1. Do any helices (runs of 4 or more DSSP H) entirely within region 362-471 hold 1 or more residues that are crowded, with 19+ Cβ neighbours inside 10 Å and in contact with a Cys (Cβ under 9 Å, 6 or more places away or on another chain), and if so, which?
2. Got a sec? Which of F608, F655 is farther than 25 Å from N519 by Cα and open to solvent by less than 60 Å² (accessible area, probe 1.4 Å)?
3. Would you check which residues across region 304-317 are open to solvent by 10 Å² or more (accessible area, probe 1.4 Å) and farther than 19 Å from G508 by Cβ and list them?
4. Considering region 556-593 alone, what residues qualify as being closer than 17 Å to H265 by Cα and in a loop (DSSP other than H, G, I, E, B)?
5. Among the residues that make up region 508-519, is at least one of them open to solvent by 20 Å² or more (accessible area, probe 1.4 Å) and under 21 Å from D413 (Cβ atoms)?
6. Right, R293: open to solvent by 60 Å² or more (accessible area, probe 1.4 Å) and at pLDDT below 95 or not?
7. Any residue at all in region 480-500 that's within 30 Å of Y618 (Cβ to Cβ), of a type in the set (A, V, I, L, M) and crowded, with 19+ Cβ neighbours inside 10 Å?
8. Just checking, does region 619-629 include any residue being of a type in the set (V, I, T), open to solvent by 10 Å² or more (accessible area, probe 1.4 Å) and farther than 25 Å from K651 by Cβ?
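The values are calculated or read from the model by the stated rules, or taken from the named source; none is laboratory data. Here the structure is a predicted model, which means the values were calculated and not measured. Glycine gets a Cβ as well: all are built from the backbone with ideal geometry, and neighbour counts include every protein chain shown. Accessible surface is based on the protein model in full, side chains and every heavy atom, while ligands, DNA and RNA are left aside. Shrake-Rupley method; radii C 1.70, N 1.55, O 1.52, S 1.80 Å.
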Amino acid sequence: MLLTPLYYKRQIFQNNPCDIIRSWVTQRVCQQFLDWLKSSLGFLQVRSLLYFFSLEFFITSYYRVEKLRILSEKVEQDTFSFGQYLFRTAWQDLGTSLLLALVPFLLYQGRRFWGRYGFYFFFFSYELIILAYYASALSVFKLYESLFELKFLRNISSIIQELIFSIWAELDIRLFHFFAIGLATSYLTIVFYQKNMKRSQALLALSFLLTSLPQGFAHPRKNMSFDPVIFKNPLWTAFFESEHEPNYWPKVSSGQAKLSSQEIHPAIYLPKKKYNIVFYFFESLPAKYIGYRYEGREVTPQWNRLIKNSLYFRRHYANFPLSINSFFNVFCSLPALPDGRWLSLVKPDFPHPCACELLAQAGYKTAILHAGDPDYAGQRRFYKYHGADIILDNDQVKNSRFDKNILPWGAADERSLVEKSLEIAKKLGEPFFLTLFPFNPHHPYSVPTDFPKFIEAVWEKLPYRKKIFLSYLNSLHFADFALGELVRRFEEENLAQDTLFFIFADHGEAFYEHPGNFNHPYYLYEENIHVPFLIYNKTLFPKTRFVDQITSHLDILPTLLDLLSLAAPTHLWGKSILRGGPNPILFLQTFWEKEWMGILVGNHKYLFRPWDKRRELYDILRDPEEKINLIQDVPELASVYHQIMLQEKQKRVDFFSPWISLLGQEQF
């Protein structure tokens, strides 16, 4: 017995290990395991691994072709050549392709465990995931000229529905070709692999050929500056940290800063009584498109008509360019949470009363009608907590006349909102308070099929940026028509005489006026936050009364309470515009993937980006397009603005901290 260990030790070196452990496991099972282990070591089957590597490199290279095509469509100039682009992307693409190839390689080696068809299922599912990820990366770059990263999804998990739909809306026929060719190549890889492994080298050479030729045709133009982030592989940065390098921003220009005087604006005197109230959250409209003409025709004729009988605020701003936060700003006169989260998700039962509760105390019946889905971002729950008597969602608003023309996300046609609003107003009785949320012209800028398009074009031949802008104008024109129909129908039903229509845009919409600035939530430039706001009533305003005081969404509820002779609670952050006075200091913030914040002081807008310490200062009266960054001309003034901005943010932290544990609070 004492010699047994020596015997087994000797046998380990002389015999197959399966002979040693024959008493515990059968030789067949052990042998199969060793065979699988041998075959799974890719170093022993380099040609087999090369086969799958060539497939993944082909797909990755095809992604590069499509990205270069998008670059050539979106821009007019560039500073890097085709060779530079290929060289700067090759090291990441080769490494990424090798890592990606290990998965199908190991799947194939283990096919005896899940069978031939099981391998096909896992293999094609895997390739489909890779193709979907690359297609999503192309769509995000097409929209925002930025990199698509997994950490981006983690940061905005609560708005993933919106992101997915936006990505899907940008999947054009070329990206469907990308899917089809990728899957076809995956199938051919398996066919070739099973028939003749020697063709792996041919397939690899073919991948180089097919990716180099189209890139020659998609060669970008010269003299354009781009953020080096465009060279990064989105699958590589999914697993390895990526540092953004914001080098493609316009250089600081020389200019002269001029401080605005502290102008005192006069008070506005209006008869005060219990008016019926309609809040109309017009979607995605910068102030600059009011009165805009395309080929001599008015894009917003109804806005232009309503302004003639309204109190019109020419310097009105969204405090946060995102619909859900604009809603809090308007409805509750509360700022957005300073950590970027949404109050409706974090604490829907926030203890301060909002518009419905405050007006209900004065005898109002309240209703909220949503053309979209009020369950998005927990809005319905927030409405219930804060006293809405009636809440109607998109399905309840829809009218059978328009059911065949379903809008994106299942949203109701704005024309349905018109008739349903009349019905609810009559049901509530006077005084009533209606809050209406239309959908258009939200991205992807749709128009019902039975509504004549404002602009007809050969869309396939248009450059991407022009096509998407004209699509927006079409959607805006339809939304403007629906707004006009709402007011017209109220007037026909004799409901408008004692009704004040508060009509405002929740935020603006950008179309690359600044690099990468598309849609609305990413930046704080004028196209994102300067929005129209009017109070319409023909009796009160026989002609336009303009207000040039700086105002914001936070001021709408206090102004309403003042008009109704109702006391404003002390927790409101805005003030009644009717009281006049000096321009306030507006704190501005947006928090999508990265945070921007700033302040508006008179004619100066100071912006700060915490993640890379970028600072910008503009004189928006002399430079309304914000092209001349004055930050180097007046460093002392910029430092003062920076301190004021930090103080304003700290006020918000102090306000919310007793009820909500803010993320990163130690940094404030």
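1. Working: elements: 379-385, 394-397, 414-428.
Per the criteria, 379-385.
2. One residue alone meets the criteria, F655.
3. Answer for region 304-317, where residues must be open to solvent by 10 Å² or more (accessible area, probe 1.4 Å) and farther than 19 Å from G508 by Cβ: R305, K308, N309.
4. Selection gives G574, K575, S576, G580, N583, P584, I585.
5. no
6. Against the criterion (open to solvent by 60 Å² or more (accessible area, probe 1.4 Å) and at pLDDT below 95), R293 qualifies.
7. Checking region 480-500: not a single residue is within 30 Å of Y618 (Cβ to Cβ), of a type in the set (A, V, I, L, M) and crowded, with 19+ Cβ neighbours inside 10 Å.
8. yes
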